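Novice: Here you go, one structure.
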Amino acid sequence: MNRILPLATLLTATVLASCQSNQSNNPLVTPPVLPESSVSAIQEEEKLAHLVEQYRTESFEFSPISATFQGLKQYNDKFGPIISKQNRQKQRVFENQYFEKINHIDSSKLKAQALLTYKIFKGDREQSLASSKYPFHLAPINQMNGMHNFYAVLGSGQSAQPFSNEKDYRNFMKRSLGFAEWMESVVQSMKLGVKKGVVLPRSIVEKLIPQLKAHVVDNIEDSVFYSPLQSIPEDITGKARQNLKTEYSAMIEETIVPAYRKTLQYISTDYLAHSRKSVGLSDLPNGKSWYEYMIQVHTTLPLTAEEIHNFGLSEVSRILSEMKKVKHQVSFKGNLAEFFNFLRTDDQFYFEKPEELIHAYEQTKSKIDATLPKLFEVFPQADYVVKPVPDFQAASSAGASYQSPSPDGSRPGIFYINTYNMKSQPKFIMETLSIHEAAPGHHFQIAIQQEVEGLPSFRKYGGYTVFNEGWALYAESLGKELGLFTDPYMWYGRLVDEQLRAMRLVVDTGLHSFGWSRERAIQYMLDNSSMAKSDVESEVERYIVMPGQALAYKVGQRKIRELRSRGEKLLGKKFDIKKFHTQILVDGSLPMPILDEKMEAWFQSIK
């Protein structure tokens with residue numbers, strides 16, 4: 001596969017090649033003297049490159065597990081700081097130092113890729129500093145996010161934590177001591193949250209309890225953390241093998257299980273009793289401002305809750321009209337509500353066994369992969385595989401998700417399908433869900449971003465919800481152009497997915513800005529879709545604990561579609577859809593205002 005180079009890098013390389021080709025190899029010829037302005041620009045670019053790389057290296061002190069995901073093995077035994085006032089202050093000081101440093105770089109001398117990096121890095125520091133106004137630390141775990149779930153996946157041997165030799169096992173044993181200390185700080189932070197009136201809703205706490213309970217086992221062989229001991233490398237033999245197994249087993253029994261047990265005991269007794277009846281962020285102290293901040297974080301745009309809510313209502317109405325067309329197309333006799341019920345309950349739309357579902361998605365993968373050259377010229381080098389969501393987190397997880405491949409290519413991307421409730425996985429969403437989570441959705445966007453040469457590391461492994469999810473939803477809209485959605489029910493599946501994202505605009509803002517209850521949000525989604533009730537409940541509870549995240553999908557899709565329409569209108573016959581997609585993806589995940597500037601510059605360069 002050819003190397004993937006960002007647009008700005010390609011332009012720079014072309015200019016340099018041209019300059020070099022005009023130079024003589026004669027040593028008597030004096031090399032050209034660069035203008036003072038060029039020298040100054042190079043110096044600023046070098047300062048910037050050093051700054052962002054220095055930030056990345058130092059930031060691993062706060063998040064060494066992210067270093068593991070980036071393939072940096074020297075951090076594999078470290079967990080990270082506990083939740084404390086001192087550590088929060090330390091991170092604020094760190095962020096402020098780099099905000100001051102980036103302001104000492106003269107951005108007027110930066111161009112192309114360097115200017116993008118400058119804008120992104122500065123914006124990230126501003127956003128990070130602004131986050132310190134809000135008490136995220138008082139509710140550090142929930143049923144969707146939290147180290148209690150994440151660490152179990154990491155320790156299962158099925159994620160980025162390596163278990164290839166004895167040192168790898170001992171690294172995880174040492175890391176687990178930090179995990180136990182962190183879990184203790186979770187309890188202390190949530191106790192403080194009770195005192196300050198920042199607590200999770202009761203329905204969320206009730207979902208959190210069984211997740212913790214799953215890891216409080218009497219027999220350590222029943223623990224997901226025991227899995228790496230069932231596949232100890234064969235070259236670890238004799239006494240070394242026995243000692244490792246003994247010590248690792250003791251780590252599970254004496255460190256991991258007690259950490260979960262103590263957290264479970266507090267949350268299931270004391271904390272549950274103090275959980276709140278309300279669900280919206282606006283019901284918490286300074287909650288209105290907090291939600292406005294979350295809208296900006298997840299959309300990168302100056303949008304209000306009211307305009308997002310109204311956009312959602314309009315889209316829900318439009319998509320319902322499209323669904324009615326499908327109802328008529330398949331000759332269903334009955335109203336739309338009856339059609340929804342038919343799709344929820346008829347056995348023809350569902351598999352009976354999880355393995356059948358996974359196999360069907362593997363077949364869908366092959367079908368979609370064959371169509372992609374129609375619209376794309378750049379493809380990720382890494383492949384992806386389809387797997388079921390691990391049992392211990394399936395009950396509270398989303399219907400599907402994606403995990404990026406390892407940077408070195410040793411581990412493929414993973415498209416996770418939740419097989420917990422087979423009635424929440426209808427056959428008619430397979431094409432659209434596969435497009436969204438895998439190719440050409442998240443897998444294309446994230447894997448290509450990691451593989452692009454020349455991007456600073458913080459851009460390779462960072463990202464923005466509005467770009468990532470906006471791209472994945474835009475990718476769904478390409479289905480018919482790829483030759484998919486020929487079955488009317490599969491097209492209905494596409495509408496189901498888009499309707500879900502449109503309803504999210506209404507429900508998220510409803511919950512966090514307009515005082516909606518959990519029950520009202522659930523009923524709204526049931527009235528406007530054929531989703532299973534269990535799936536709707538899981539979705540609504542996701543929005544409750546992830547304010548603003550659900551807004552990113554439709555907002556990002558709208559912006560990318562707007563850019564495509566602008567390019568088609570401006571360029572006419574010169575517009576090339578493959579090159580458009582390359583330019584959207586090739587500089588990695590960008591905030592929407594920066595993406596707009598970049599694409600407009602590209603349009604003008606080929607006009």
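The values are calculated or read from the model by the stated rules, or taken from the named source; none is laboratory data. Please read these numbers as outputs of a predicted model, since none were measured by experiment. Quick reminder, even Gly has a Cβ in these numbers, built from the backbone with ideal geometry, and neighbours come from all protein chains shown.
Novice: Just to be sure before I move on: is ALA400 at pLDDT 95 or above and of a type in the set (A, V, I, L, M) in the structure I sent? Can you show your working first?
Specialist: On the way: at pLDDT 95 or above: no; of a type in the set (A, V, I, L, M): yes.
Against the criterion (at pLDDT 95 or above and of a type in the set (A, V, I, L, M)), ALA400 does not qualify.
Novice: Just give me the residues in the range 160-204 being surrounded by 16 or more Cβ atoms within 10 Å (Cβ to Cβ) and either in the same structural domain as GLY409 (by TED's automatic domain parsing) or among the polar types (S, T, N, Q) (or both), in sequence order.
Specialist: Selection gives GLN161, ASN171, SER176, SER185, SER189, SER203.
Novice: Among (1) part of a loop (DSSP other than H, G, I, E, B); (2) touching a Ser or Thr at 6+ places or on another chain (Cβ under 7 Å), there is one condition ILE368 misses while meeting the rest; what is its number?
Specialist: The one condition ILE368 does not meet is (1).
Novice: A follow-up question, please. Looking at the range 147-158, which of its residues are of a type in the set (Gly, Ala, Ser) and surrounded by 19 or more Cβ atoms within 10 Å (Cβ to Cβ)? Break it down stepwise before answering.
Specialist: Of all residues in the range 147-158, those of a type in the set (Gly, Ala, Ser) come to 152, 155-157.
If the condition is that a residue be of a type in the set (Gly, Ala, Ser) and surrounded by 19 or more Cβ atoms within 10 Å (Cβ to Cβ), then ALA152, GLY155, GLY157 are the ones that fit.
Novice: So is GLY510 under 22 Å from ILE308 (Cα atoms) and either surrounded by fewer than 24 Cβ atoms within 10 Å (Cβ to Cβ) or over 22 Å from the mean Cα position of the chain (by Cα) (or both) or not? First the steps, then the outcome.
Specialist: Working: under 22 Å from ILE308 (Cα atoms): yes; either surrounded by fewer than 24 Cβ atoms within 10 Å (Cβ to Cβ) or over 22 Å from the mean Cα position of the chain (by Cα) (or both): yes.
Yes.
Novice: Could you pull out the residue among VAL540, VAL586 that is in the same structural domain as ILE446 (by TED's automatic domain parsing) and hydrophobic (A, V, I, L, M, F, W, C)?
Specialist: Working: VAL586 fails: in the same structural domain as ILE446 (by TED's automatic domain parsing).
Exactly one residue qualifies, and that residue is VAL540.
Novice: Sticking with this structure for a sec: Just to verify a result, which residue in the range 74-101, among those that are of a type in the set (Asp, Glu) and surrounded by 15 or more Cβ atoms within 10 Å (Cβ to Cβ), is nearest to ILE42 (Cα to Cα)? If you could, list the steps in order and put the result at the bottom.
Specialist: Of the range 74-101, the ones of a type in the set (Asp, Glu) are 77, 95, 100.
With the extra rule that they be surrounded by 15 or more Cβ atoms within 10 Å (Cβ to Cβ), the set shrinks to 77, 95.
Working: ASP77: 38, GLU95: 25 Å.
Among residues in the range 74-101 that are of a type in the set (Asp, Glu) and surrounded by 15 or more Cβ atoms within 10 Å (Cβ to Cβ), the one nearest to ILE42 (Cα to Cα) is GLU95.
Novice: May I pose another question? Can you tell me which condition GLY441 does not meet? The list is (1) small (Gly, Ala, Ser); (2) under 18 Å from LEU495 (Cα atoms); (3) surrounded by fewer than 16 Cβ atoms within 10 Å (Cβ to Cβ), and all the others hold.
Specialist: Checking GLY441 against (1) small (Gly, Ala, Ser); (2) under 18 Å from LEU495 (Cα atoms); (3) surrounded by fewer than 16 Cβ atoms within 10 Å (Cβ to Cβ), the one that fails is (3).
Novice: Oh, and also: So which residues in the range 375-395 are closer than 19 Å to VAL586 by Cβ and either free of Cβ contacts under 8 Å to residues at least 24 places away in the same chain or out of contact with any His (no Cβ under 6 Å at 6 or more places or on another chain) (or both), if there are any at all? So that I can check it myself, show each step before the final result.
Specialist: Pass one, the range 375-395, residues closer than 19 Å to VAL586 by Cβ: 375-382.
Of everything in the range 375-395, those that are closer than 19 Å to VAL586 by Cβ and either free of Cβ contacts under 8 Å to residues at least 24 places away in the same chain or out of contact with any His (no Cβ under 6 Å at 6 or more places or on another chain) (or both) turn out to be LEU375, GLU377, VAL378, PHE379, PRO380, GLN381, ALA382.
Novice: Looking at TYR118 and the list (1) touching a Ser or Thr at 6+ places or on another chain (Cβ under 6 Å); (2) over 23 Å from SER457 (Cβ atoms), which single condition is not satisfied?
Specialist: Result: TYR118 fails condition (2) only.
Novice: Can you find a residue that is among the hydrophobic types (A, V, I, L, M, F, W, C) and surrounded by fewer than 20 Cβ atoms within 10 Å (Cβ to Cβ) anywhere in the range 457-465?
Specialist: Within the range 457-465 (the criterion being among the hydrophobic types (A, V, I, L, M, F, W, C) and surrounded by fewer than 20 Cβ atoms within 10 Å (Cβ to Cβ)), the answer is yes, since at least one residue qualifies.
Novice: What are the residue pairs meeting all of these: first residue in the range 57-77, first residue on the phi > 0 side of the Ramachandran plot, second residue among the acidic types (Asp, Glu) and not in a helix (DSSP H, G or I), Cβ atoms under 8 Å, and 6 or more apart or on different chains?
Specialist: GLY71/ASP408
Novice: Can you give me the number of residues within the range 338-365 that are hydroxyl-bearing (Ser, Thr, Tyr), modelled with pLDDT under 95 and part of a loop (DSSP other than H, G, I, E, B)? Before you say what the answer is, go through the steps one by one.
Specialist: Taking the range 338-365 first, the residues hydroxyl-bearing (Ser, Thr, Tyr) are 345, 350, 361, 364.
The next check asks that each one be modelled with pLDDT under 95; those that pass are 345.
Now narrow it down to the ones that are part of a loop (DSSP other than H, G, I, E, B): none.
Counting residues in the range 338-365 that are hydroxyl-bearing (Ser, Thr, Tyr), modelled with pLDDT under 95 and part of a loop (DSSP other than H, G, I, E, B) gives 0.
Novice: While we're here: Does the range 519-536 hold any residues that are modelled with pLDDT of 90 or more and more than 16 Å from ALA337 (Cβ to Cβ), and which are they?
Specialist: Hits for the range 519-536 are GLU519, ARG520, ALA521.
Novice: For the range 271-282, what are the residues that are surrounded by fewer than 18 Cβ atoms within 10 Å (Cβ to Cβ) and in contact (Cβ under 8 Å) with a residue 12 or more places away in the chain? Even if it seems obvious, please write down each step before you answer.
Specialist: Of the residues in the range 271-282, the ones surrounded by fewer than 18 Cβ atoms within 10 Å (Cβ to Cβ) are 272-278.
Passing the criteria: LEU272, HIS274, SER275, ARG276, LYS277, SER278.
Novice: Can you go through LEU264, LEU244, LEU212, LEU192 and tell me which one is hydrophobic (A, V, I, L, M, F, W, C) and closer than 29 Å to ARG520 by Cα? First the steps, then the outcome.
Specialist: Values: LEU264 fails: closer than 29 Å to ARG520 by Cα; LEU244 fails: closer than 29 Å to ARG520 by Cα; LEU192 fails: closer than 29 Å to ARG520 by Cα.
Matching residue, one of LEU264, LEU244, LEU212, LEU192: LEU212.
Novice: Also, quick follow-up: For the range 405-416, how many residues meet the condition of being surrounded by fewer than 22 Cβ atoms within 10 Å (Cβ to Cβ) and either modelled with pLDDT under 90 or more than 16 Å from ALA152 (Cβ to Cβ) (or both)?
Specialist: 7
Novice: Using the structure shown, decide if PRO302 is surrounded by fewer than 16 Cβ atoms within 10 Å (Cβ to Cβ), not aromatic (Phe, Trp, Tyr) and not assigned by TED's automatic domain parsing to the domain that holds MET531.
Specialist: no
Novice: Give me the pairs: first residue in the range 493-522 and without any contact (Cβ under 8 Å) to a residue 24 or more places away in the chain and within 22 Å of ILE429 (Cα to Cα), second residue in a helix (DSSP H, G or I) and hydrophobic (A, V, I, L, M, F, W, C), beta-carbon distance under 7 Å, and six or more apart or on different chains, which are they?
Specialist: ILE522/VAL536; ILE522/VAL540
Novice: Read through the list (1) crowded, with 16+ Cβ neighbours inside 10 Å; (2) of a type in the set (Asp, Glu); (3) over 22 Å from the mean Cα position of the chain (by Cα), then give the number of the only condition that ASP124 fails.
Specialist: ASP124 satisfies every listed condition except (3).
Novice: Could you look through the range 548-601, keep only residues that are touching a residue at least 12 places away in the same chain (Cβ under 8 Å) and small (Gly, Ala, Ser), and pick out the one that is nearest to LYS374 (Cα to Cα)?
Specialist: Out of the qualifying residues, it is GLY567.
Novice: Same structure, new question: Among the residues of the range 326-341, write down those that are surrounded by 14 or more Cβ atoms within 10 Å (Cβ to Cβ) and either within 24 Å of the chain's Cα centre (by Cα) or free of Cβ contacts under 8 Å to residues at least 60 places away in the same chain (or both).
Specialist: LYS327, PHE332, LEU336, listed by residue number.
Novice: Okay, moving on. If you go through the range 102-112 one residue at a time, how many are touching a Leu at 6+ places or on another chain (Cβ under 8 Å) and surrounded by fewer than 17 Cβ atoms within 10 Å (Cβ to Cβ)?
Specialist: 1
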